[in-house]
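Student: This structure is in structure tokens; I'll ask about it shortly.
Computed from the coordinates by the stated procedures, all read-outs in this text should not be read as laboratory data. In this text the structure is predicted, and so the values were computed from the model without any measurement. Reconstructed Cβ throughout: ideal geometry from the backbone, glycine too, with neighbour counts over all protein chains shown.
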Amino acid sequence: MKPERTEAIVLNTYAARERDKLVVFLTPDHGKRKGWAYGARSLKSRFGAALEPLAKVRIVYVEREADEVVRIESVDLIRSLFPAQQDLVTSIAASYIAETVDTFAQSGDPSELIYRLLDRTTEALLAGADPLRVVAYAEIWMLRLAGIFPSLRNCGECHEPLGRPLRFDQRANGFVCGACAARDAEVVPNAAADAIEAIMRCAVADFAALDVPSDVIFDIRSLAGHVRRHFLGHELKSYDVLAGVMR
């Protein structure tokens, strides 16, 4: 059992037995993993605060060939989310992003792009970026990296190039041209379409610095929600919690 040493971001932890934790963490080179942190709930735990959700760490773990859950040997904290957790909306937004990544990231499937998305969005929240712009950015990019965000270039039905305004057809779960659009297809405001294109080409900090009105952010998130729920068949657990603190 050769120890693996890698950078990671903690997605979630679960209490287990009297003194232990089950930790879900994301790595750039080994994908999403689960690991036992023995003694992590004890008062004198050697892990300290390094296993808090969205902590960026250096982790050492050992894996048995037949086991899906690894054994965590040591964790060194690189960056804590604690400063951002002092604001309620930012704290819940961070938890929502972590759940989004946890839902779509595949166990054992390396994805440096998903890791980078989580890392950069967490950095943006710590830097004081508007949490809802960061959330909208993370939602669109996570759907894109998961391969389920529809093309902005070609009709989802006939594959002809799309023009403006964009039309979203829930039946096709994608953007369609005027000829293929059903009567109830939703016309996407040009401002929202422009903002989605900005998300696709900008770093999260740059997008968060743009003057994007709140109603445009709402339109982007509504569209992302349609795509996500169609794919999953349900909504994320923390979605309503975030919506509640936004009111």
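Student: What is the distance, in nm, between label points placed 7 Å from the Cα along the Cα-to-Cβ direction at Ile78 and at Glu123?
Tutor: 1.0 nm
Student: Relative contact order of the stretch 121-185: what whole-number percent is it, with Cα pairs under 8 angstrom and at least 6 residues apart?
Tutor: Result for the stretch 121-185 is 22 percent.
Student: Still on this structure, I have one more. How far is the Cα center of the stretch 175-243 from the Cα center of the stretch 66-80, in Å?
Tutor: Here the two parts' Cα centres lie 35 Å apart.
Student: What is the antiparallel percent of DSSP beta bridges lying wholly in the chain, to the nearest 5?
Tutor: About 90 percent, rounded to the nearest 5.
Student: Here is a follow-up. If I take every Cα pair under 8 Å that is 6 or more residues apart in the chain, average their sequence separation and divide by the length, what percent do I get for the relative contact order?
Tutor: Over the chain, the number comes to 16 percent.
Student: Does the chain come out rounded, prolate or oblate, given a ≥ b ≥ c as the square roots of the eigenvalues of its C-alpha gyration tensor, rounded meaning a/c under 1.5 and, failing that, prolate meaning a/b above b/c?
Tutor: Judged from the Cα gyration tensor, the chain comes out prolate (a/c at least 1.5, a/b above b/c).
Student: Between Glu7 and Glu160, what is 0.36 nm times their sequence separation minus the Cα-Cα distance? Round to one decimal in nm.
Tutor: Working it through step by step, the gained length comes to 50.8 nm.
Student: Okay, next question. Using Cα atoms only, what is the angle between the long axis of helix 88-104 and the major principal axis of the chain, expressed in degrees (0 to 90) to the nearest 10?
Tutor: Between the helix axis and the principal axis of the chain, the angle is about 90 degrees.
Student: Right, another one. For the stretch 185-201, what does the Karplus curve 6.51 cos²θ - 1.76 cosθ + 1.60, with θ = phi - 60°, yield as ³J(HN,Hα) per residue in whole Hz, taken in order and with x for Gly and Pro?
Tutor: Calculated HN-Hα couplings, in order: 4, 8, 7, 8, x, 4, 5, 5, 4, 4, 5, 5, 5, 5, 4, 5, 10 Hz.
Student: Between Arg17 and Gln106, how high is the FRET efficiency from 1/(1 + (r/R0)^6) when r is the Cβ-Cβ distance and R₀ = 25 Å? Nearest 0.05.
Tutor: Once the sixth-power term is evaluated, E becomes 0.35.
Student: Taking the Cβ of Gln106 as the centre, find all other residues whose Cβ is under 12 Å away and add up their charges (Lys, Arg: +1; Asp, Glu: -1).
Tutor: Surrounding charge for Gln106 is 0.
Student: Please report, in debye to the nearest 20, how large the charge dipole of the chain is about its Cα centre when each Lys and Arg carries +1 at its beta carbon and each Asp and Glu carries -1 there.
Tutor: 620 debye
Student: Here is a follow-up. Using the Cα gyration tensor of the stretch 103-156, with a ≥ b ≥ c the square roots of its eigenvalues, what is the shape: rounded (a/c below 1.5), prolate (a/b larger than b/c) or oblate (neither)?
Tutor: Note, shape of the stretch 103-156 comes out oblate.
Student: How do 77-84, 95-102 rank on mean C-beta neighbours within 10 Å, highest first?
Tutor: Descending packing order for the listed peptides: 95-102, 77-84.
Student: Kindly express, to the nearest 10 degrees and within the range 0 to 90, the angle between helix 131-145's C-alpha long axis and the longest C-alpha principal axis of the chain.
Tutor: It is inclined by approximately 90 degrees.
Student: Amide H to amide H under 5 Å from Asn154: which residues, 5+ apart in sequence or cross-chain, H placed 1.01 Å off N in plane?
Tutor: The answer is Leu162.
Student: Also, quick follow-up: Stretched out fully, how many nm does the piece from Val241 to Asp206 gain, at 0.36 nm a residue minus the Cα gap?
Tutor: Stretched out fully, the Val241 to Asp206 stretch lengthens by 9.9 nm.
Student: Let me ask something else. Given the peptides 199-206, 158-165, 136-143, arrange them by the average over their residues of other C-beta atoms within 10 Å, most packed first.
Tutor: Order by mean packing, descending: 136-143, 199-206, 158-165.
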